[in-house]
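The values are calculated or read from the model by the stated rules, or taken from the named source; none is laboratory data. The model shown is predicted, which means the values in this text are computed figures rather than measured ones. Positions of Cβ are backbone-derived with ideal geometry, glycine not excepted, and every protein chain shown enters the neighbour counts. Remember, those area values only see protein heavy atoms, side chains included, never the ligands or the DNA or RNA. Shrake-Rupley method; radii C 1.70, N 1.55, O 1.52, S 1.80 Å.
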Amino acid sequence: MSWFARSSTVGRVLLATLAAALVLAVPVATQTPRQRGDRTVVNGRPAAAGEVLVKFRTPVAGVERQRLGTQMDADEDHDVGSAGVRRIHSRVFDTETLLAFLRTDPRVLYAEPNYIVQAVATPNDPQFSSQNLWGLQNLGLAIGCSPSCYGSSTGSAGADIEAPLAWDVSTGSRAIVTGVVDTGIDYTHPDLAANVWSAPSAFSVTIAGKIVNCAAGTHGFKSINNSLTLTCDPLDDNNHGSHVSGTIGGVGNNGVGGVGVNWTASIMGLKFLDANGSGYLADAINVLKFAMQAKSVFGSAANVRVLSNSWGGGGFSQALLDEINNANANDMLFVAAAGNNGANNDTSAFYPANYVAPNVVSVAATTNTDQMASFSNYGATKVHIGAPGQDVRSTIRNGGYAYFSGTSMATPHVSGAAALLLSACTLNTAALRSTILGNVDPTLTGWVSSGGRLNVNTAIRACSAPPSPDFSVSATPASRTVVQGAGTSYTATVTPTGGFSGAVALSASGLPSGASFGFSPASLTSGSSTMTVTTASTTPPGTYQVPITGTGPGGTPVHTQTVTLVVTAAPVPNFTLSASPSTRSVRRGRNTTYTVSISRSGGFTGSVTLSLGGLPTGATASFSPNPASGSSSTLTVQTASSTPTGSRTLTITGVNGSLTRTSSVALTVRN
């Protein structure tokens, strides 16, 4: 697929000239109109041309929003996701111009491209030939062989996730819903149909500012072509999403095809990638929002606990990270493919796998000999776990089966394992994540942060065994935004398990310079503590990951929950002047008045000394009050009988220290 970019030279010139005043005079006739679906390259990555994802500090509505839309020549402006993000498309301005313009506006919290992402593709090497489900049980034979077949290419016995042993504990549950964020799902496939989620009744969702009505029996949602198509039909037109779904929950013990990690499952299709495996971040955010809305509508009948994400690309997106954090607040694990570039994610970020959020699990791909697959991305800190991902057999469209390779195939092994654990154990998202990452086979030391490959048997037995005394730490909200010099707070909760009764000491780290924290109470056995964070006026703006640590008696056990602190620059004290009416007419020898309004921003509280320039001969002026400490002053202009007739422009000047602002009015003197 080729990407192309259009530039708007006139727009860039206008931006450089007028951005400080937040005014764009758009000579449309000199611009090249943009069509929906045009693509460009931003920061070296494909993105939607002429549009941005933007979040304002406070909602912009009414006349203010119309004015901003006119300045940007916007033909589309609607909400995306549930974090207050808006997608704005301009008819004439390119993406970089829009970004530069919006980032000068103090009302904007952030603005970013609507990156285009795609399914983590399967490597095209000849060695990826037809083989079998070794990832669930590896007997050490050549992949694709029966027990009597010993080929030249053999595996390593036990280099698997030990699914058969885990099935002695549970084979899955319809009560746990896994959302497959991908190209959709073939919900008619004989090996998938019984395990596909269906809406128990008709319902409505609001996506991208539109109300979409979904019928009873629908199986998820589709948002593609940059929100152009919004329907409740996630039918796969690519194969990728169906292949992922078969690994998570291909129906077991039905005498047909293969089997997934879960024999019994409930899979929700969340289609945002098109038939070519490509899609927009805005659409990914839309389908995540659908999953949360469906859960809100149906409760236990749409208990989405796991989101499987076998895709990636594009740059960092705060809008997508906000939605991932919203998913965490809705108790959803976000499992993501580490990428297929053979690269180190610690030094070269791959999104969404590299997002730092408490519910993200980044997955690398392993081979049937328990090696890191040659194509797989890795990272000793940024990639969390490995799972079988080379030569994986699973379902595809129209009742078929095929063998794909990639971290796309490793990801559903972990997503399926998470759903299987939840079928047997009562776990929140933090406990689910720590159980999976804390019970690996230690085969990948130095490659991934857990040091190992997924072992669903060890994990499910760890969470289903009688608990030992322990506790967990959780924190809300996942993210807070604070202005330099101000403070904010989080709630840290200690939950004891297995009869734990010791006092847990709370602490925090990772705060920026000038910031400090305090807990009240500082230690507790169970319940909640308020963590107050105070920043200084010198604290650098930025996004910071703040681990909250709970330490048990004697220094063990230790558990950590990370929250995000966003520090924004303090507003600059400022004022502007305006006057009304804009023009007055007065006879010679008489006076007239204007009202001078002082608009204050950024905490400006000083008094403004006013003066007037441009008076005709014989005329005088006065302000009341002057200096003005409030919001207005009355300007009185007195003419003399000798003042010449005619029209003049008068300049009102307001001064406070180094700040000087002006406004103009017209005066007409007549006989």
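Once the 1.4 Å probe is applied to the protein heavy atoms, the stretch 45-121 comes out at 36 Å² accessible per residue.
Placing unit charges on each Cβ (+1 for Lys and Arg, -1 for Asp and Glu) gives the chain a dipole about its Cα centre, and among Ser513, Leu165, Thr592 the Cα reaching farthest toward its positive end belongs to Thr592. Among the lysines of the chain, pairs that are 8 or more positions apart or on different chains and have alpha carbons within less than 14 Å of each other number 5.
To the nearest 500 deg cm²/dmol, what mean residue ellipticity at 222 nm is calculated for the chain from DSSP H runs of n ≥ 4 alone, each contributing -39,500 (n - 2.57), summed and divided by the residues?
-5000 deg cm²/dmol
Ligands, DNA and RNA are left out, and with a 1.4 angstrom probe the accessible area of the stretch 235-300 is 24 Å² per residue. Placing a pseudo-label 7 Å from each Cα along the Cα-to-Cβ vector at Ser501 and Ser582 gives an inter-label distance of 7.9 nm.
Quick one, could you list the DSSP H helices from the chain stretching 24 Å or more along their long axis (Cα atoms) with average Kyte-Doolittle hydropathy of 1.6 or above?
Helices meeting the span and hydropathy rule in the chain: none at all.
Once R0 is set to 45 Å, what does the formula 1/(1 + (r/R0)^6) return for the Cβ-Cβ distance between Ala202 and Thr58, expressed as a FRET efficiency to the nearest 0.05?
0.80
Of the peptides 222-229, 408-415, 638-645, the order by per-residue mean of other Cβ atoms within 10 Å, starting with the highest, comes out as 408-415, 222-229, 638-645.
Sorting 190-198, 612-620 by their mean Cβ neighbour count within 10 Å, with the most densely packed peptide first, gives 190-198, 612-620.
Can you give me the % of accessible surface on the stretch 541-671 that is carbon or sulfur? Probe 1.4 Å, all protein chains present, nothing else counted. Answer for the stretch 541-671: carbon and sulfur cover 48 percent of the accessible area.
The label point for Val356 and the one for Ser300, both projected 7 Å from the Cα toward the Cβ, are 3.9 nm apart. Peptides 293-305, 585-597, ordered by how many other C-beta atoms sit within 10 Å of their residues on average, highest first, read 293-305, 585-597. Here the chain is assigned +1 on the Cβ of each Lys and Arg and -1 on the Cβ of each Asp and Glu. Its dipole about the Cα centre then comes out at about 3140 debye. For the stretch 229-238, backbone phi angles converted through the Karplus equation (6.51, -1.76, 1.60; θ = phi - 60°) give residue-by-residue couplings of 10, 10, 9, 9, 10, x, 4, 6, 10, 9 Hz, Gly and Pro being listed as x. A full extension of the chain between Ser597 and Ser516 corresponds to an added length of 25.1 nm, given 0.36 nm per residue minus the alpha carbon distance.
Computing log10 I(q)/I(0) by the Debye sum over Cα atoms at q = 0.05, 0.07, 0.09 Å⁻¹ directly from the structure and comparing it against (1) -0.31, -0.55, -0.82; (2) -0.53, -0.80, -0.92; (3) -0.44, -0.82, -1.11 singles out (1).
Amide H to amide H distances under 5 Å link Leu109 with Lys55, Phe56, Arg57, where only residues 5 or more positions off or on other chains count and H is placed in the peptide plane. Here's how it looks for Tyr187: its modeled amide H is under 5 Å from those of Asp236, which are all 5 or more places away or on a different chain.
Taking the protein heavy atoms of the stretch 259-417 in the context of the full set of protein chains, the accessible area attributed to carbon and sulfur is 45 percent at 1.4 Å.
Put simply, the amide H of Val196, placed in the peptide plane, has neighbours under 5 Å in Ile267, leaving out anything fewer than 5 places away on its chain.
Per-residue extension of 0.36 nm, minus the Cα-Cα distance of Arg103 and Ser156, leaves a gain of 13.7 nm for this segment.
Summed over the residues of the stretch 445-520 and divided among them, the accessible surface reaches 42 Å² per residue at a probe radius of 1.4 Å. Each of Leu273, Leu53, Ala666 was scored by the projection of its Cα onto the charge dipole of the chain, and the greatest displacement toward the positive side belongs to Ala666; charges sit on the C-beta of Lys, Arg, Asp and Glu.
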